[in-house]
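The block underneath contains the structure these notes are about, expressed in structure tokens.
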């Protein structure tokens with residue numbers, strides 16, 4: 001039934017994906033959103049998957065592969081890690097990814113990023129990495145990262161497609177449109193490098209305060225809304241020379 005509903009939604013909200021080629025002679029940045037144990041590693045916390053999940057595993061593999069290429073090219077990478085203070089709940093969700101716990105750390109497949117010189121790590125305490133990048137002095141780690149590296153194209157991967165990824169992409173595109181993120185031009189969301197969680201109807205009905213959250217359907221909705229905000233939704237990402245205009 002859920003699969004049929006997802007297929008019906010995709011027919012009603014068709015989403016055009018693109019094969020994106022990143023120019024070797026352009027400045028491209030990669031943003032990884034919350035690919036941490038608390039959201040991705042089975043049994044790691046209140047919001048972690050309860051059993052192995054194909055969409056989440058695929059997202060980790062695609063993100064790790066892409067991150068390796070960016071690091072080999074010494075291109076800028078920014079990783080957001082959800083990290084909350086124990087006395088600051090994030091409604092409507094239960095306590096999760098508490099600062100200082102392993103929940104708030106990168107998944108094993110990405111822990112090597114911490115030693116890479118081209119990688120910036122930002123621990124955030126809210127859904128939206130843009131807002132979570134604001135410092136006490138009013139500066140913004142993400143904005144400074146874009147401007148310092150003169151990033152024109154940004155690729156976004158991570159979890160959850162319809163929450164933290166979407167919120168960050170939406171804020172970024174609004175800031176770009178207002179001229180706050182020059183020289184950023186394009187925001188690419190890599191579909192297979194994103195994932196969300198699954199709460200079937202029968203589970204939500206038996207869990208106090210839980211909302212139904214069918215994974216495939218909400219993943220599609222998240223990508224659709226990101227495109228609606230102005231993002232490019234990529235079916236695949238590859239690397240090549242900049243096309244020359246005649």
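The values are calculated or read from the model by the stated rules, or taken from the named source; none is laboratory data. Predicted model, so just to flag it, every value in this text is computed and none were measured. Cβ placement follows ideal geometry from the backbone for every residue including glycine, while neighbour counts extend to all protein chains displayed.
Does the range 16-34 contain at least one residue that is touching a residue at least 12 places away in the same chain (Cβ under 8 Å), buried (at least 21 other Cβ atoms within 10 Å of the Cβ) and either assigned to a loop (DSSP other than H, G, I, E, B) or out of contact with any strand residue (DSSP E or B) (no Cβ under 7 Å at 6 or more places or on another chain) (or both)?
Yes: the range 16-34 contains one or more residues that are touching a residue at least 12 places away in the same chain (Cβ under 8 Å), buried (at least 21 other Cβ atoms within 10 Å of the Cβ) and either assigned to a loop (DSSP other than H, G, I, E, B) or out of contact with any strand residue (DSSP E or B) (no Cβ under 7 Å at 6 or more places or on another chain) (or both).
Test residue 86 against the criterion of being loosely packed, with under 15 Cβ neighbours inside 10 Å and within 24 Å of residue 224 (Cα to Cα), and give yes or no. Even if it seems obvious, please write down each step before you answer.
Values: loosely packed, with under 15 Cβ neighbours inside 10 Å: yes; within 24 Å of residue 224 (Cα to Cα): no.
In short, no.
For residue 40, indicate whether it is modelled with pLDDT of 95 or more and more than 30 Å from residue 147 (Cα to Cα).
Values: modelled with pLDDT of 95 or more: yes; more than 30 Å from residue 147 (Cα to Cα): yes.
The answer is yes for residue 40.
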Report task. Please tell me if residue 165 is under 21 Å from residue 27 (Cβ atoms), within 17 Å of the chain's Cα centre (by Cα) and either assigned to a loop (DSSP other than H, G, I, E, B) or at pLDDT 90 or above (or both). Result -> no
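Which of the residues belonging to the range 37-86 are in a strand (DSSP E or B) and within 22 Å of residue 187 (Cβ to Cβ)? Break it down stepwise before answering.
Start the filter on the range 37-86 by keeping residues that are in a strand (DSSP E or B), which leaves 77-82, 84.
Listed by number, the residues that qualify are 77, 78, 79, 80, 81, 82.
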Query - the range 109-159 - residue that is in contact with a helix residue (DSSP H, G or I) (Cβ under 7 Å, 6 or more places away or on another chain), assigned to a loop (DSSP other than H, G, I, E, B) and at pLDDT 95 or above and, of those, surrounded by the most Cβ atoms within 10 Å (Cβ to Cβ) - result: 129
Query raised in the report: Can you tell me which residues in the range 160-175 are in contact with a strand residue (DSSP E or B) (Cβ under 7 Å, 6 or more places away or on another chain) and surrounded by fewer than 22 Cβ atoms within 10 Å (Cβ to Cβ)?
Result: 173
Requested in this report: State whether one or more residues within the range 177-187 are surrounded by 15 or more Cβ atoms within 10 Å (Cβ to Cβ), in a strand (DSSP E or B) and at pLDDT below 95.
Outcome: no
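Taking residue 106, is it within 24 Å of residue 172 (Cβ to Cβ) and either without any contact (Cβ under 8 Å) to a residue 40 or more places away in the chain or under 17 Å from the mean Cα position of the chain (by Cα) (or both)?
Details: within 24 Å of residue 172 (Cβ to Cβ): yes; either without any contact (Cβ under 8 Å) to a residue 40 or more places away in the chain or under 17 Å from the mean Cα position of the chain (by Cα) (or both): yes.
Considered against the rule, which asks whether it is within 24 Å of residue 172 (Cβ to Cβ) and either without any contact (Cβ under 8 Å) to a residue 40 or more places away in the chain or under 17 Å from the mean Cα position of the chain (by Cα) (or both), residue 106 comes out as yes.
Please find, among 66, 106, the residue that is crowded, with 19+ Cβ neighbours inside 10 Å, over 17 Å from residue 161 (Cβ atoms) and touching a strand residue (DSSP E or B) at 6+ places or on another chain (Cβ under 8 Å). Walk me through how you get there before you give the answer.
Working: 66 fails: over 17 Å from residue 161 (Cβ atoms).
Result: 106 is the single residue among 66, 106 that is crowded, with 19+ Cβ neighbours inside 10 Å, over 17 Å from residue 161 (Cβ atoms) and touching a strand residue (DSSP E or B) at 6+ places or on another chain (Cβ under 8 Å).
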Query raised in the report: How about the range 88-100: which of its residues are touching a helix residue (DSSP H, G or I) at 6+ places or on another chain (Cβ under 8 Å) and either in contact (Cβ under 8 Å) with a residue 24 or more places away in the chain or in a loop (DSSP other than H, G, I, E, B) (or both)?
Result: 96, 97
